[in-house]
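Derivation of every value follows stated rules applied to the coordinates shown; laboratory data play no part. Bear in mind the structure is a predicted one, so any value in this text is a computation, not a measurement. Using ideal geometry, Cβ is built from the backbone for each residue, glycine included, and neighbour counts are taken over all protein chains shown.
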Ligand SMILES: Cc1cc2nc3c(=O)[nH]c(=O)nc-3n(C[C@H](O)[C@H](O)[C@H](O)COP(=O)(O)O)c2cc1C
């Protein structure tokens, strides 16, 4: 798919057909995640990926508000490695170091969602996470902190491009 077309086509998809995703497809999506720009190339991200539908559906029941959970064939918890976060904080200060690490996670999420769209799949980003419940449910060790979740599946509907604020409302060109 043409890149500009892909940018317009990608939407947050919350309805899946129920079809499965293969491990090969999952790996391609994860591989797109690690290609994202990241702070100092320290790659603060760590990924906990699952194709276990019951585990995913149970997560909604126990810990999260993902109403479309029963149909999700592939889910990734994007975590931060606490040691890398500390290293960034030592280098850039407490707040900025942490922000940089979260930006790593956001970049990876975006790459994976774009890759999924390029493969004809659809994904959605879940921001609000109960960190402790998420850690417990997906057996994530204490030195990794959940930062974002993405759900991926075969889209039930083809959603059109979503309206955005016009460029002249959000962009200021500076200088000549
Ligand atoms: C940080 C962040 C958190 C988000 N959290 C949620 C969420 O919890 N549930 C949800 O359905 N969508 C969530 N989204 C998806 C947004 O709602 C979606 O990207 C936005 O409405 C624009 O729609 P589009 O992605 O289809 O263009 C989140 C997106 C981001 C970037």
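First measure r as the distance between the Cβ atoms of residue 95 and residue 19, then evaluate 1/(1 + (r/R0)^6) with R0 = 45 Å and state the FRET efficiency to the nearest 0.05. Working shown, then result.
Numbers: r = 43 Å, r/R0 = 0.95.
The pair residue 95/residue 19 has a calculated efficiency of 0.55.
What's the center-to-center distance, using Cα atoms, between region 106-171 and region 1-53 in Å?
Each part's Cα centre sits 8 Å from the other's.
When the chain is fully extended, how far beyond the present Cα-Cα distance does residue 143 get from residue 27, taking 0.36 nm per residue of separation?
Values: separation 116, 0.36 × 116 = 41.76 nm, distance 2.35 nm.
Contour length minus Cα-Cα distance gives 39.4 nm.
Can you give the FRET efficiency for residue 61 and residue 12, using 1/(1 + (r/R0)^6), R0 = 30 Å, r = Cβ-Cβ distance, to the nearest 0.05? Walk me through the intermediate numbers first.
Values: r = 22 Å, r/R0 = 0.73.
About 0.85, to the nearest 0.05.
What three numbers, in Å, describe the spread of the alpha carbons of region 104-166 along their principal axes, ordered from the longest?
40, 28, 17
First check a/c for region 1-94, with a ≥ b ≥ c the square roots of the eigenvalues of its C-alpha gyration tensor; if it is under 1.5, answer rounded, and if not, answer prolate when a/b is larger than b/c or oblate otherwise. It would help to have the intermediate numbers written out before the result.
Values: a/c = 2.21, a/b = 1.41, b/c = 1.57.
Oblate, because a/c is 1.5 or more while a/b does not exceed b/c.
What's the extension gain from residue 171 to residue 133 if we count 0.36 nm per residue and subtract their Cα-Cα distance?
Details: separation 38, 0.36 × 38 = 13.68 nm, distance 3.94 nm.
So the chain would gain 9.7 nm between residue 171 and residue 133.
What area, in nm² and to one decimal, does the C-alpha convex hull of the chain cast on average over all directions? Before the final figure, lay out the partial values.
Details: hull surface 48.6 nm².
Hull-based average projected area comes out at 12.2 nm².
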